[in-house]
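I have placed the structure first, in the form of structure tokens, so that the comments after it can refer back to it.
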Amino acid sequence: MMRTDKRTEVLIAGAGPTGLVLALFLTRQGVNVRIVDKTAGPGTTSRAVVVHARTLELYRQLGLAGEVAAAGMPNPGINLWVRGKRRAHITFGVAGADLTPYPYILVYPQDRHERLLIAHLEQMGVQVERDTELLGFEQRADHVQVRLRGPGGEETCEASWLAGCDGARSPVRHGLGAGFEGGTYDQLFYVADVIAGGPAADGQIHLSLDDADFLALFSYTADGQARLIGSIRDERVDPGRELRFEDVGERAIHGLGVEVKQVNWFSTYKVHHRLTEHFRHGRVFLLGDAAHIHSPAGGQGMNTGIGDAINLAWKLKAVLRGEAGDRLLDSYDSERLAFAHKLVETTDRVFTFVSAEGGFANFVRTRIAPLFVSAAYSVDAVKEFMFRLVSQCMLNYHGSPLSHGGAGKIKGGDRLPWAAGATADNFAPTGKIDWHVHVYGAAGDALSSWCHGKGLQLRVFDWERAHEHAGLARDAAYLVRPDGYVAMADATGRPEALRDYFESIGYQRFM
């Protein structure tokens, strides 16, 4: 017998990091959610191990950043090895020190990450509904009718919105009939959770650019616990039996200065690069691996899915509470799809370079690349650019319909720059996920009065050199979105600029 449950505001299919973060941000904003997953429990293995600075910045709004950073292993740089020798060291610590409170790459395996997110969600009163499979759905005028099968049998659930965070084989995407264009790389890869020793087991990230096998080491504790990610040459692949750790290339492992003392688990996989054509389909959204998958180059995948979730969460809340019209949700599609296109192209080029086989490819990778990297990273501007790129602090929404104006070096669509002056940190959480206005210097009486009347938080910071260094303009008004991006900037600090902005995007709450 099929039962019908009461309506929920957002049904989230998939309890990986993307779905969990979406549930956390929606719940914090007072939105009712259900989150279902067909698995019996959270994962115990994972390939994703990197949490980037931009993700930690966004986690500050939930009070998660400090706990996540303390649980993982901060890495200030990457070491490049060729034929058993460390040939280059790419440092991020100095380059990122003025850009973010988190000037490093954090190694924190996804399985541990998920358990932490689940614990925080449970503290908010939301349980992941396990062993619950999405069977199908139908979009109606004001809701989505979803069929589920869980431990208690089949049921139907009415949801105002459905979020597909259900991975690369997404049943939600298949239910939409949406394409997933792209391909699969030829190489077979492995991931192993190990206890490691040797010179490279020093708590840092190490990458082998060898003419043997591609290999990367990510330490996530100080006592040698690490993830090894590497390629397996075709000559070692026997279709007749399951591969074991003993089948991987020892030459690359030894060349990286790694002694594997214990293998906790080992698995193989193929790497794909695919992208769906739209992230929004009426009342249904695709996020994370359900919308885009790409090579592991740069550790971007999990962070991008989390970015999808945070971009969508505040917009869903605004529409559900009648603060803005439905067209606000179209910006999720345009903003995140544009970024995903760039990401797939960039990671594809990098991955093709580090994994290509053949004499010329080996020569370029082992002889030319280390020299180029060493020379380039002696230039501070190059270090800063690369950190901005890898950390996702460079991500902007300049082409978005939600991005207007400019003041100083900051334009609408930019990530609000971090400017921790002597007296205040402009990234300090306000305790509420909401819009706010920043002024660095003095705010006019008219602006203060308008913000107060509209219930729009105004944050005024005494002008400091750090603000000028960050590219901010003195006394300008910066309207900051709930996800920390500048929506509108006005050099004169006029309240009329704010009013006109909200009217232009149809945001009724502040009109």
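Suppose we keep only residues that are touching a residue at least 40 places away in the same chain (Cβ under 8 Å) and either in a loop (DSSP other than H, G, I, E, B) or out of contact with any Leu (no Cβ under 7 Å at 6 or more places or on another chain) (or both) within the range 155-174. Which one would you say is surrounded by the most Cβ atoms within 10 Å (Cβ to Cβ)?
This residue is CYS165.
Only one of the numbered conditions (1) in contact (Cβ under 8 Å) with a residue 60 or more places away in the chain; (2) over 30 Å from ALA88 (Cβ atoms); (3) in contact with a Cys (Cβ under 7 Å, 6 or more places away or on another chain) is violated by PRO429, and that is (3).
Within the range 175-188, the set of residues being of a type outside the set (A, V, I, L, M, F, W, C), in a strand (DSSP E or B) and buried (at least 16 other Cβ atoms within 10 Å of the Cβ) comprises TYR185, GLN187.
Within the range 63-83, count every residue that is assigned to a helix (DSSP H, G or I) and either under 26 Å from GLY198 (Cα atoms) or over 15 Å from the mean Cα position of the chain (by Cα) (or both). Steps first, answer last, please.
At the first step, the residues of the range 63-83 found to be assigned to a helix (DSSP H, G or I) are 65-71.
Narrowing the set further to residues that are either under 26 Å from GLY198 (Cα atoms) or over 15 Å from the mean Cα position of the chain (by Cα) (or both) leaves 66-67, 69-71.
Going through the range 63-83 one residue at a time, the tally reaches 5.
The set of residues from the range 459-488 being in contact with a strand residue (DSSP E or B) (Cβ under 8 Å, 6 or more places away or on another chain), surrounded by fewer than 17 Cβ atoms within 10 Å (Cβ to Cβ) and outside any loop (DSSP other than H, G, I, E, B) comprises just one member, VAL460.
What residue, among those in the range 225-249 that are among the basic types (Lys, Arg) and touching a Phe, Trp or Tyr at 6+ places or on another chain (Cβ under 8 Å), is modelled with the lowest pLDDT? It comes out as ARG244.
Residues that are among the acidic types (Asp, Glu) and either touching a Pro at 6+ places or on another chain (Cβ under 7 Å) or surrounded by 16 or more Cβ atoms within 10 Å (Cβ to Cβ) (or both) within the range 331-348 comprise ASP333, GLU335, ASP348, listed in sequence order. Go through the range 454-469 residue by residue and tally those that are of a type in the set (Gly, Ala, Ser) and at pLDDT 95 or above. Result for the range 454-469: 1. Could you tell me whether any residue of the range 491-511 is in contact with a Phe, Trp or Tyr (Cβ under 9 Å, 6 or more places away or on another chain), in a strand (DSSP E or B) and touching a residue at least 40 places away in the same chain (Cβ under 8 Å)? Checking the range 491-511: not a single residue is in contact with a Phe, Trp or Tyr (Cβ under 9 Å, 6 or more places away or on another chain), in a strand (DSSP E or B) and touching a residue at least 40 places away in the same chain (Cβ under 8 Å). Does GLY282 qualify as being modelled with pLDDT of 90 or more, at positive phi and surrounded by fewer than 20 Cβ atoms within 10 Å (Cβ to Cβ)? Answer is yes for this residue.
Which one of these is without any contact (Cβ under 8 Å) to a residue 40 or more places away in the chain, in contact with a Phe, Trp or Tyr (Cβ under 9 Å, 6 or more places away or on another chain) and over 30 Å from ALA428 (Cβ atoms): GLN145, GLN187?
Working: GLN187 fails: without any contact (Cβ under 8 Å) to a residue 40 or more places away in the chain.
The unique qualifying residue is GLN145.
Select, from ALA297, ALA212, ALA252, the only residue that is in contact with an Asp or Glu (Cβ under 7 Å, 6 or more places away or on another chain) and modelled with pLDDT under 80. Break it down stepwise before answering.
Details: ALA297 fails: in contact with an Asp or Glu (Cβ under 7 Å, 6 or more places away or on another chain); ALA212 fails: in contact with an Asp or Glu (Cβ under 7 Å, 6 or more places away or on another chain).
Criteria check complete, one pass: ALA252.
Scanning the range 268-288 for residues that are within 17 Å of the chain's Cα centre (by Cα), over 14 Å from LEU22 (Cα atoms) and not in a strand (DSSP E or B) yields one hit, PHE279. For the range 84-107, which positions are more than 30 Å from HIS120 (Cβ to Cβ) and assigned to a strand (DSSP E or B)? Residues satisfying the conditions are LYS85, ARG86, ARG87, ALA88, HIS89, ILE90, THR91. Of all residues in the range 180-205, those that are farther than 21 Å from GLY167 by Cα and within 22 Å of the chain's Cα centre (by Cα) total 2.
Scanning the range 21-56 for residues that are within 24 Å of GLU133 (Cα to Cα) and charged (D, E, K, R) gives ARG34, ASP37, LYS38, ARG47.
A single member of LEU99, LEU135, LEU117 is in contact (Cβ under 8 Å) with a residue 40 or more places away in the chain, assigned by TED's automatic domain parsing to the domain that holds THR39 and aliphatic (A, V, I, L, M), and it is LEU117. Only residues that are under 17 Å from ARG251 (Cα atoms) and either of a type outside the set (A, V, I, L, M, F, W, C) or surrounded by fewer than 20 Cβ atoms within 10 Å (Cβ to Cβ) (or both) were counted across the range 189-206, and they come to 5. The condition of being at pLDDT below 95, farther than 23 Å from GLN204 by Cα and surrounded by fewer than 20 Cβ atoms within 10 Å (Cβ to Cβ) holds for only one of THR91, THR4, THR39, THR45, that being THR4.
Checked against (1) of a type in the set (D, E, K, R); (2) in contact with a Phe, Trp or Tyr (Cβ under 8 Å, 6 or more places away or on another chain); (3) part of a loop (DSSP other than H, G, I, E, B), GLU57 passes all but a single condition, namely (3). I'd like the full set of residues that are within 21 Å of ASP308 (Cα to Cα) and surrounded by fewer than 20 Cβ atoms within 10 Å (Cβ to Cβ), limited to the range 417-432. Hits for the range 417-432 are PHE427, PRO429, LYS432.
To keep it simple, each residue is scored yes or no on (1) without any contact (Cβ under 8 Å) to a residue 24 or more places away in the chain; (2) surrounded by fewer than 23 Cβ atoms within 10 Å (Cβ to Cβ); (3) assigned by TED's automatic domain parsing to the domain that holds VAL284.
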position: ALA13; (1), (2), (3): no, no, yes
position: ALA23; (1), (2), (3): no, no, yes
position: GLN29; (1), (2), (3): no, yes, yes
position: ALA53; (1), (2), (3): no, no, no
position: PRO74; (1), (2), (3): no, yes, no
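Pairs are defined by a Cβ separation below 6 Å, a sequence spacing of at least 6 or placement on different chains, a first member in the range 320-343 that is under 17 Å from TYR485 (Cβ atoms), and a second member that is surrounded by fewer than 16 Cβ atoms within 10 Å (Cβ to Cβ) and of a type in the set (D, E, K, R); no pair meets this definition.
The values are calculated or read from the model by the stated rules, or taken from the named source; none is laboratory data. These numbers were taken from a predicted model, which means no experiment stands behind them. Using ideal geometry, Cβ is built from the backbone for each residue, glycine included, and neighbour counts are taken over all protein chains shown.
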